[in-house]
Amino acid sequence: MSMYNDALVKIPAKYIIYAHTLFAYSAFFIALIIGCYTHYDKIVENEYFGFPQEWFPSVSATIGDRYPARAIFQILIALTSGPRFALIGLNYLYQHTRITKAGLSEILLGIGLIRTVACGGWVYITSTDDHSIHDIAMIIYLLCTLPWQLGVLYTTDAKLYPTALKRRRYLTMAFFGTLPFMIYFYIQHKVNHIPGAYTIYALFEWSLIIYDIAFDATAAFEFKRFEIKVTQKEKKKETIV
């Protein structure tokens, strides 16, 4: 007989992924809308040019430079952290039961945790606050993204989740295929001081946000079969002698 009573609460695991996706996209794009509405000229301006040469803000300028966009972003991205850590934990439990190679699920767990903490580094410490720390956190995040996405791709069951595997492949190619173009236009802006180059860089930067969140959203295909249950231990009956 089970030592637990029936579940008090059952939560389909896919809702954890939905919450992560909703909060993450909302944090960035609500901040973008509010930032453009309240301080458009300020957030599109950089050290060399402003409007009309530059007409679209970078992620960092949007989420970190001006109130109220910065405050709204930080609240929503904080709400994202709970589902994010739950996603990593669920991913580990799922992989741990089916990966035969010793230590692989633990490695992916560690990479996922480092990647999440690094994300907190570059979203909470903006380039305005501390340019070096912001850049280091961003580099760590990008370096962890490659093994994270490749590891998730490798462990995706192609027979059970062909749609998830297909979308993950496309999103991984889109994410890393975008990086060379983004770096190129950043160099054009920073080194060659080309008007408008920073706007193009910003557009590629925002596309990475879309691809990155969408990649993790594909976990909903796998977790739709899972439930998170909250149960209560049965009390042992005391025998009175």
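The values are calculated or read from the model by the stated rules, or taken from the named source; none is laboratory data. Fair warning: this is a prediction, and the values are worked out from it, not measured in the lab. For neighbour counting, all protein chains shown are included, and Cβ atoms are generated from backbone atoms with ideal geometry for every residue, glycine included. Surface areas here come from the heavy atoms of the whole protein model, side chains and all, with no ligands, DNA or RNA. Shrake-Rupley method; radii C 1.70, N 1.55, O 1.52, S 1.80 Å.
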Pick out which of 43, 16, 125 has the largest mean-square fluctuation in a Gaussian network model of the chain, springs linking Cα atoms closer than 10 Å. 125
Pairs of alpha-carbon atoms within less than 8 angstrom and 6+ residues apart define the contacts here; what relative contact order does the chain have, in percent? 34
Roughly how many nanometres apart are two label points built 7 Å out from the Cα toward the Cβ at residue 47 and residue 192? 1.9
Can you compute the modelled spin-label distance between residue 232 and residue 11, with each label point 7 Å from Cα toward Cβ, in nm? 1.9
The chain, dipole about Cα centre (Lys/Arg Cβ +1, Asp/Glu Cβ -1), debye to the nearest 20: 1280
Give me the percent of the accessible area of the chain that comes from carbon and sulfur atoms, probe 1.4 Å, all protein chains in place. 66
Residue farthest toward the positive end of the dipole of the chain, with Cβ of Lys/Arg at +1 and Asp/Glu at -1: which of 38, 220, 231? 231
Give me the 1.4 Å probe accessible area per residue for the chain, excluding ligands and nucleic acids, in Å². 56
How far apart, in nanometres, would the label points at residue 224 and residue 209 be if each is projected 7 angstrom from Cα along the Cα-to-Cβ direction? 2.8
Projected onto the charge dipole of the chain (unit charges on the beta-carbon of Lys, Arg, Asp and Glu, signs +1, +1, -1, -1), the Cα from 211, 165, 132 with the largest positive-side position is that of 165
For residue 93 and residue 143, calculate 0.36 nm times their separation in residues minus their Cα-Cα distance, and state this gained length in nm to one decimal. 15.6 nm
Out-of-range pairs (alpha-carbon distance over 31 Å; input 42/166; 166/190; 166/233; 14/233): 42/166; 166/190; 166/233
For semi-axes √(5λ) of the Cα gyration tensor in Å, with candidates [x] 40, 21, 15; [y] 52, 24, 14; [z] 24, 22, 18, the value calculated from the shown model is option [x]
FRET efficiency, 1/(1 + (r/R0)^6) with R0 45 Å, evaluated for residue 74 and residue 154 via beta carbons: 0.85
Are there GluC sites (Glu not before Pro) in the range 40-101 that DSSP puts in a loop and that have at most 15 other Cβ atoms within 10 Å, and which ones? 47
Loop sites in the range 140-241: trypsin sites (Lys or Arg not before Pro), DSSP, at most 15 other Cβ within 10 Å: 159, 224, 225, 235, 236, 237
How high is the relative contact order of the range 39-165? Use alpha-carbon pairs under 8 Å, at least six apart in sequence, and give a whole percent. 19
